[in-house]
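Chemist: Quick one: the structure is below, questions incoming.
Please treat every number below as a calculation from the coordinates, not as lab data. Given the structure is predicted, the values throughout are model-derived calculations rather than measurements. When we count neighbours, we look across all protein chains shown, and the Cβ atoms used for this are built from the backbone with ideal geometry, even at glycine.
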There are 2 protein chains.
Amino acid sequence: MTATPSPRVFAVILAGGSGTRFWPLSRSQYPKQVLRLLGSDSMLQATIERLLPRIPPDRITVVTNASQAYIIRLDLYQKGWEQVQLLLEPFGRNTAMAVGLAAVRVPGLTDEDVLAVFPADHFIREQEKFLEALDTGAIWARAGYLVTFGISPTRPDTGYGYIKRGEPLDGQGSAFKTARFFEKPPLAQAEAYILEGDCYWNSGIFMFTRKAVLEAFARHLPEVSAILEELRQEALSLKEVYSQVPSISLDHGIMERAAQVAVVPVDMGWSDVGTWSALLDLFPKDDQGNVALGRTLNLDSRDCLIFAQERLVATVGLQGTVVVDTPDATLVCPMSRVQEVKNLVAELSRHWMVETEWPLTVERPWGRYTVMESGPGYKVKRIMVDPGKRLSLQLHHQRAEHWVVVQGTALATIGREVRRVATNESVFVPLNTAHRLENPGPAPLAIIEVQTGPYLEEDDIVRLDDDFWRLTEEPESKIP
Amino acid sequence: MTATPSPRVFAVILAGGSGTRFWPLSRSQYPKQVLRLLGSDSMLQATIERLLPRIPPDRITVVTNASQAYIIRLDLYQKGWEQVQLLLEPFGRNTAMAVGLAAVRVPGLTDEDVLAVFPADHFIREQEKFLEALDTGAIWARAGYLVTFGISPTRPDTGYGYIKRGEPLDGQGSAFKTARFFEKPPLAQAEAYILEGDCYWNSGIFMFTRKAVLEAFARHLPEVSAILEELRQEALSLKEVYSQVPSISLDHGIMERAAQVAVVPVDMGWSDVGTWSALLDLFPKDDQGNVALGRTLNLDSRDCLIFAQERLVATVGLQGTVVVDTPDATLVCPMSRVQEVKNLVAELSRHWMVETEWPLTVERPWGRYTVMESGPGYKVKRIMVDPGKRLSLQLHHQRAEHWVVVQGTALATIGREVRRVATNESVFVPLNTAHRLENPGPAPLAIIEVQTGPYLEEDDIVRLDDDFWRLTEEPESKIP
């Protein structure tokens, strides 16, 4: 008989968001969770960094949509977190199924181990308070509770769910039984919750043992539970079962219905960074109440969020307006209507406007490229290769490429020839010729690539060798 | 004794505007008068086209600032109007001096010839009515009047000067003596002028004989008159005298003071296209009252001017706002504050923001180029060469160039070699090597040029031969 390992905490990070609310910075293929909105780390990276003092990378699982596997895997790769597990849903079925899937498919999980569930895209200013709350939550999770984490409301926000606490679980007020969950309330109700003093915002963070959550599934979502049991016992493909899964959140499906639910209050500088207006609270303001990032000049504008990237953004006399300027799309919207940006993105998609899909700068494991211009029969890209990295060995059936090195030195493989190409030198890559671009130097390599040919999309690529994970048949591998 | 030619009408077009109100579309080196705001012709080109049924190109003179000579000359060249005269002021001294200069320096002008003065940047919808008014104006100018043209006000605009008419000059009401000029009035006063029914907006168009206007200068602006006399008699350089010239408008300096002034009323669909908001009246509106040009999607936005160029501009719930998006700068401003765009541009200049100077796409007599990217030690341009045209034979001391042909076929001179470069071929231009790019074909030629070197500004150019006018030592010739 082998010894049962002692109960451990495993993190499950829900990273399946579609990223429409931060358009035009977020795109369907570059969702909010991988944006570097609040520093040099992406939201997902910051979420994982925050956990590392308690939970090692090999006990962290990220659940996401298969269509976002590439960008999520890249986000983890950039931090060297290759031990972090990825669970790919064929399509999103809301949080109940995402958590249930983790409960039955995270390798090495025992019934007594604790699952801690985190959204991938929230901001938490005070990490120590966060970690203390996790420690408290783990105690009550091990005691059999489904644990939620409650944020003391600072305003009558109608966009959050609220949790009313019941009797305390200990003498220090560090945890309570929950009395009730409330849906996103009308304003008057939200104001009342604040006055009552015993209501919290539902942070979307949860902890429970696998045993407890699977029992709750069995009791409150038997249909989902049956599917989870199948997935647990058999090596079923997710595609086969996912279409039968009801789309329901963990809150509605489980937490609101379960008996033994606890809330751990925690004030940790939390924000769900839900819309553009949230950034107004997270960045320092100028004297006129503006948050102005990038190259901008604002003449007598007040209470605005001005977000510039490559271009100059200038405003005169604007009040309470969001301006977000990206290399291929600009958004202008009153602060009071930022919730509708998701409707706008839906409308843009309906009109086949491709600016909802990819940003012009696309991250790659070897660096990044930027589409500078697409013209008839040609495309111009800037390609930045990180020191020591190389692209896949590849060929194209429909396009030739001219590379001009403008920074650093490249090692270029063209057919059977390998040669060094210095700054201010160029090289030609004919059609149907295996080629590879490498940066052998210690500094970044920049090349300007001019592609010519009748078809210039990213899926005209045959990969012959790769240093990364892109030789598999996943659809996202069709990317250089 | 030679016969005196019969009196003729000469046009003087005032094209010295600095173009700050239409920023970011207008720049100091690409002012409003050369913008194609309202069709395929620039404002200046449209101004001249409008005159051609009455005044041939060799009787048209454009007065502008020396710093704008290049762009104005190019604007005329694009229409094949090489007979149009250019009078270059060393710097602007307002309209009195500009008109006085034309009166003494337009070649072949006699005292009896009529000068017709036009702003270069106004819009006139009904050309026939305009021409009829000119015919009427010429009659009264020949009779010795200083003639103004009055527009019936359609709203109590506080941005225009008003002219009150006096007794009629003929029985048909086609011309009146002027009773009084009014400065830009307060709103209540402007409303009163409309009710009075005998007030007009001052259109800034004038007609008079040379004799009459020079006499008026002598009487009302003797200081300017003395300088004009010097300029008339002697081959003085303008620089020598211009610093002594007072800056005063023709309206204030002459028209308001002179005795024999007439006004010709004309309703010809006139607009001075003074600010961005003027475009709201000149373009068709959508159902929500928006004028939306370019690739834009506007969700529940109303009464906005949305001007997109290369990028997608998307708005949600905007009211009465101007959004102008250009390749290197974006403006957002409430419609009610578009007058302040000129202050904004002053502020941008004060902060050395170069987006006030040149647009990214620069017109040339052989076509145009667009700066796609400026990086450390390199610059990428798209160069479009019109059929049959060629750039100057030139060399650079500080940069090498890579050309990749992406459309058409080039004839490239590199040192002593001349060769054809087809689509998808490239050529290298080393430092200090004479080179020339030519489009020998019947279709446009497009090349992507990657420049590398320590200094990449436009003034690193030595012109050895040119098909155009750019071998002179004018400062603006330092442009490829």
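Chemist: Could you point to the residue in B:GLY197, A:PHE118, A:VAL147 farthest towards the positive end of the protein assembly as shown's charge dipole, with +1 and -1 charges on the Cβ of Lys/Arg and Asp/Glu respectively?
Modeler: Highest projection toward the positive end goes to A:PHE118.
Chemist: Here is a follow-up. Under 5 Å between amide H atoms, partner at least 5 residues away or on a different chain: which partners does A:ILE205 have, H built in plane at 1.01 Å?
Modeler: Under 5 Å from the amide H of A:ILE205 lie the amide H atoms of A:PHE149, each far enough along the sequence or on another chain.
Chemist: Along Cα-to-Cβ, 7 Å out, sits the label point; list in nm, shortest first, how far the one on A:PRO387 is from those in the other copies.
Modeler: Ordered by increasing distance: 5.3 nm.
Chemist: Run the helix sum for the protein assembly as shown: -39,500 (n - 2.57) per DSSP H stretch of 4+ residues, divided by residue count, reported at 222 nm to the nearest 500 deg cm²/dmol. Each step should come with its number before you reach the end.
Modeler: Details: 20 runs with 196 residues, N = 960.
After summing the helix terms and dividing by the residues of the protein assembly as shown, the value is -6000 deg cm²/dmol.
Chemist: Determine the distance separating the Cα centre of the range B:11-38 from the Cα centre of the range B:381-413; give it in Å without decimals.
Modeler: 28 Å
Chemist: Here's another thing I want to ask about it. Considering only B:TYR242, A:ILE248, A:GLY108, whose Cα is most displaced toward the positive end of the charge dipole of the protein assembly as shown, charges sitting on Cβ of Lys, Arg (+1) and Asp, Glu (-1)?
Modeler: Projecting each Cα onto the dipole axis, the largest value belongs to A:GLY108.
Chemist: Here's another thing I want to ask about it. Let me see the P(r) profile for chain A: every Cα-Cα distance counted, bins of 10 Å, each bin given as a percent of all pairs.
Modeler: For chain A, the binned pair fractions read 4, 17, 26, 25, 17, 9, 3, 0 percent.
Chemist: What is the dipole size for the range B:171-227, taken about its Cα centre, with +1 at each Lys and Arg Cβ and -1 at each Asp and Glu Cβ, in debye to the nearest 20?
Modeler: 280 debye
Chemist: Still on this model: Using a 7 Å offset from Cα along the direction of the beta-carbon, what are the separations from A:GLU128 to the same position in each other copy, nm, ascending?
Modeler: Ordered by increasing distance: 8.5 nm.
Chemist: Cut-off under 23 Å on the C-alpha distance; same-chain residues fewer than 8 positions from B:LYS177 excluded. Which lysines are left, in chain and number order?
Modeler: B:LYS129, B:LYS164, B:LYS211
Chemist: For a footprinting-style exposure proxy, rank B:CYS199, B:CYS333 by other Cβ within 10 Å, fewest first. Numbers along the way, then the final one.
Modeler: Numbers: B:CYS199 23, B:CYS333 26.
Ordered by Cβ neighbours within 10 Å, fewest first: B:CYS199, B:CYS333.
Chemist: With a/c under 1.5 counting as rounded, go ahead and sort the range A:9-271 into rounded, prolate or oblate using the C-alpha gyration tensor (a ≥ b ≥ c being the square roots of the eigenvalues; past the cut-off, prolate if a/b is larger than b/c, else oblate).
Modeler: On the way: a/c = 1.45, a/b = 1.18, b/c = 1.22.
Judged from the Cα gyration tensor, the range A:9-271 comes out rounded (a/c under 1.5).
Chemist: Here is a follow-up. Using the Cα gyration tensor of the range B:356-457, with a ≥ b ≥ c the square roots of its eigenvalues, what is the shape: rounded (a/c below 1.5), prolate (a/b larger than b/c) or oblate (neither)? Don't skip to the end; give the middle numbers.
Modeler: Details: a/c = 1.65, a/b = 1.19, b/c = 1.39.
Since a/c reaches 1.5 but b/c is at least a/b, the shape of the range B:356-457 is classed as oblate.
Chemist: Please list 3J(HN,Hα) in residue order for the range A:143-150, calculated via the Karplus relation 6.51 cos²θ - 1.76 cosθ + 1.60 where θ = phi - 60°; whole Hz, with x for glycine and proline.
Modeler: With the stated coefficients, the range A:143-150 comes to 7, x, 7, 8, 9, 10, 10, x Hz.
Chemist: Quick one: 3J(HN,Hα) in Hz for the range B:404-417, Karplus 6.51/-1.76/1.60 with θ = phi - 60°, rounded, Gly and Pro as x.
Modeler: 10, 7, 10, 7, x, 10, 9, 10, 10, 9, 10, x, 8, 8
Chemist: At 7 angstrom along the Cα-to-beta-carbon line, where would the label on B:LEU282 sit relative to the other copies? Give the distances in nm, shortest first.
Modeler: 4.3
Chemist: Suppose every K and R has +1 on its Cβ and every D and E has -1 on its Cβ; what is the size of the dipole of the protein assembly as shown about the Cα centre, in Debye to the nearest 20?
Modeler: On the way: 98 positive and 122 negative charges, 145 e Å.
Dipole size: approximately 700 debye.
Chemist: Using 7 Å Cα-to-Cβ label points, what is the A:GLU82/B:SER243 separation (nm, one decimal)?
Modeler: A separation of 7.2 nm, rounded to one decimal place.
Chemist: Quick one: which residues, 5 or more positions from A:LEU115 or on another chain, have an amide H under 5 Å from its amide H? H modelled 1.01 Å from N in the peptide plane, none for Pro or chain starts.
Modeler: A:PHE10, A:PHE208, A:THR209, A:ARG210
Chemist: Whole Å is fine, so just give me how far the alpha carbon centre of the range B:128-204 lies from that of the range B:275-297.
Modeler: 30 Å
Chemist: Using the Karplus curve 6.51 cos²θ - 1.76 cosθ + 1.60 with θ = phi - 60°, work out ³J(HN,Hα) for each residue of the range B:352-369 in order, rounded to whole Hz, and write x for Gly and Pro.
Modeler: 6, 7, 6, 5, 8, 9, 10, x, 5, 9, 10, 6, 9, x, 9, x, 6, 10
Chemist: Moving on. Taking a cut-off of 23 Å between Cα atoms, list the lysines near B:LYS239, but don't count ones fewer than 8 places away on the same chain.
Modeler: B:LYS478
Chemist: Please work out whether the range B:278-350 counts as rounded, prolate or oblate from its C-alpha gyration tensor, where a ≥ b ≥ c are the square roots of the eigenvalues and a/c under 1.5 means rounded, while otherwise a/b larger than b/c means prolate and anything else oblate?
Modeler: Details: a/c = 1.99, a/b = 1.46, b/c = 1.37.
Because a/c hits 1.5 or more and a/b exceeds b/c, the range B:278-350 counts as prolate.
Chemist: Can you list residues whose amide H is under 5 Å from A:TRP366's amide H, if they're 5+ apart or on another chain and H is modeled 1.01 Å from N?
Modeler: none
Chemist: For A:PHE208, A:PHE176, what ranking results if the residue with the fewest other Cβ atoms within 10 Å of its Cβ goes first?
Modeler: Values: A:PHE208 32, A:PHE176 24.
Ranked by crowding around the Cβ, least crowded first: A:PHE176, A:PHE208.
Chemist: Among B:GLN260, B:PRO24, B:VAL341, whose Cα sits farthest toward the positive end of the charge dipole of the protein assembly as shown (+1 at Cβ of Lys/Arg, -1 at Cβ of Asp/Glu, about the Cα centre)?
Modeler: Of the listed residues, the answer is B:PRO24.
Chemist: Determine the dipole magnitude for the range B:9-271: charges of +1 sit on the beta-carbon of Lys and Arg, -1 on that of Asp and Glu, nothing else is charged, the reference point is the Cα centre, and the result goes in debye to the nearest 20. Walk me through the intermediate numbers first.
Modeler: Working: 26 positive and 30 negative charges, 94 e Å.
So the dipole magnitude of the range B:9-271 works out to roughly 460 debye.
Chemist: Once you mark the trypsin sites (Lys or Arg not before Pro) that are in a DSSP loop and have at most 13 other Cβ atoms within 10 Å, what is the longest gap between them in chain B? Walk me through the intermediate numbers first.
Modeler: On the way: sites that count: B:ARG36, B:ARG125, B:ARG416.
Longest stretch, sites excluded: B:126-415.
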